[in-house]
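> Have a look at this one before I ask anything.
The values are calculated or read from the model by the stated rules, or taken from the named source; none is laboratory data. Not measured: the values here are computed from a predicted model. Using ideal geometry, Cβ is built from the backbone for each residue, glycine included, and neighbour counts are taken over all protein chains shown.
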Amino acid sequence: MLIPTNDVPQADDLDLVARVAEAVAQGARTDGDIATAIGDYARRQGRYYRRAAEIVGFIRNEPRHNRSILTQSGQQFIRSTGDRRNELLAHAVVHSRLTQRIIPFLESHKTEGVSREQFQQFIGSVTATTPGMVMRRSSTIMGWLTRIDLVQESEGRWFLRNLPGGVEFVDYAAPDEPLLPRTYDLDEYKSVSKRVKQEIRNMTVLINEVARERASESHRMLTDLVAKRIRAAGGIPRRNRFIDLAARLSNEDYLFEMKSTTRQNVHSQVRGAISQLYEYRYMHNIPTARLVVVIEHPPPRDFRWMVDYVVNDRKLLLAWDGDRRTLQYPEALRPHLSFMD
């Protein structure tokens, strides 16, 4: 679970990384082409900036021909202007693998911030970068995060801010990357990765079910509603191919499962959500996480027993959409769900 050194950027200026996409759009293909296009740099710098543009997903390399081409994200970035371009740049940085691992670490120090030394120690522990390179690369990374306004420096310490404008969630491409780690020790990452990979082998049916569910408009609406509340409360909503949403709020972990419901399927949908949440909590090894079932409609009157079962027997949290703009939940759950108001 060490992040390869090749995925740790060496290009200090994020705006020059953005210019790489422009250079490739205009015909630059090699390290030398890119070095010249972005400011007449040495070929070595061209290689660093080329790789950085690959890390944020704007370009990809065709190894057989040693040439760079724009990705779909890169094409979208090139077509954008003004604030939208800054939003796409922030989105690209946030969704790089290294940033996604950094976010929970910074989040765990949200009140007191982290020192340069703490940050360097973390980068050194989770990447395959040599000790001699940690200092320089840590500075590069922090420069990127400051540029997109995800991090703010104050009196020699760095503080995590809310997600930049235009970034609604943090989407983790790797399902075995811990969403809510606690120790930030490499053994923790390895343990979660092992659990997830073992479970995935037996989850073909669930994988298909999750994909179908997420394709529905009601599921997207519920996810957007909850994510908006998380962001308003100062949290960072995140998700992967299985977990609809996860967040850490006031040092308490939450996992959310959204379910579109009708009167006919509410029982089976809630039952499925409960099962999925328990599995996800186990796979990510966060036994104290609050499990939240979010359904599309209020429980029908003759299914009110289900509220008692979910909340009092299973000790889960339950919420539902009120009017496509607000979320409701049993009053007894207010101590844990007040951020949804």
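> State whether one or more residues within the range 239-259 are farther than 23 Å from residue 325 by Cβ, polar (S, T, N, Q) and more than 17 Å from the chain's Cα centre (by Cα).
yes
> When you look at residue 133, is it modelled with pLDDT under 95 and either closer than 22 Å to residue 56 by Cα or surrounded by 19 or more Cβ atoms within 10 Å (Cβ to Cβ) (or both), yes or no?
So residue 133 fits the description; yes.
> Return the pair list, or none, for Cβ contacts closer than 6 Å from residues in the range 305-326 that are in the same structural domain as residue 220 (by TED's automatic domain parsing) to residues that are in a helix (DSSP H, G or I) and among the polar types (S, T, N, Q), at least 6 apart or on different chains.
Qualifying pairs under 6 Å: none.
> Quick check: is even one residue across the range 85-96 of a type in the set (Ser, Thr, Tyr) and within 16 Å of residue 22 (Cβ to Cβ)?
no
> State whether one or more residues within the range 158-178 are of a type in the set (Lys, Arg) and in a helix (DSSP H, G or I).
No, the range 158-178 contains no residue that is of a type in the set (Lys, Arg) and in a helix (DSSP H, G or I).
> I've got another one for you. Can you report the number of residues in the range 112-122 which are assigned to a helix (DSSP H, G or I) and touching a residue at least 12 places away in the same chain (Cβ under 8 Å)?
Total satisfying the criteria: 4.
> So the check is Cβ under 6 Å with 6+ separation or different chains; which pairs have a first residue in the range 186-207 that's surrounded by 12 or more Cβ atoms within 10 Å (Cβ to Cβ) and a second one that's hydrophobic (A, V, I, L, M, F, W, C) and at pLDDT below 90?
Taking only residues 6 or more apart or on different chains, the pairs are 189/1; 190/1; 193/1.
> Quick one: which helices (runs of 4 or more DSSP H) lie wholly within the range 195-310 and hold at least 3 residues that are in contact with a strand residue (DSSP E or B) (Cβ under 9 Å, 6 or more places away or on another chain)?
Of the helices (runs of 4 or more DSSP H) lying wholly inside the range 195-310, those with at least 3 residues that are in contact with a strand residue (DSSP E or B) (Cβ under 9 Å, 6 or more places away or on another chain) span 217-232, 266-283.
Let's see how each residue does on (1) among the aliphatic types (A, V, I, L, M); (2) surrounded by 21 or more Cβ atoms within 10 Å (Cβ to Cβ); (3) touching a strand residue (DSSP E or B) at 6+ places or on another chain (Cβ under 6 Å); (4) within 23 Å of residue 56 (Cα to Cα):
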residue	(1), (2), (3), (4)
105	no, no, no, yes
118	no, no, no, no
124	no, no, no, yes
128	yes, no, no, yes
146	no, no, no, yes
182	no, no, no, no
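> Still on this structure, I have one more. Against the condition within 27 Å of residue 239 (Cβ to Cβ), of a type in the set (Ser, Thr, Tyr) and touching a residue at least 60 places away in the same chain (Cβ under 8 Å), how does residue 140 come out, does it pass?
Answer is no for this residue.
> Which helices (runs of 4 or more DSSP H) sit wholly inside the range 1-111 and have at least 2 residues that are over 22 Å from the mean Cα position of the chain (by Cα) and not assigned by TED's automatic domain parsing to the domain that holds residue 154?
14-25, 31-37, 43-55, 72-79
> So residue 122 fits all but one of (1) closer than 14 Å to residue 2 by Cα; (2) more than 21 Å from the chain's Cα centre (by Cα); what number is the exception?
Of (1) closer than 14 Å to residue 2 by Cα; (2) more than 21 Å from the chain's Cα centre (by Cα), only one is false for residue 122: (2).
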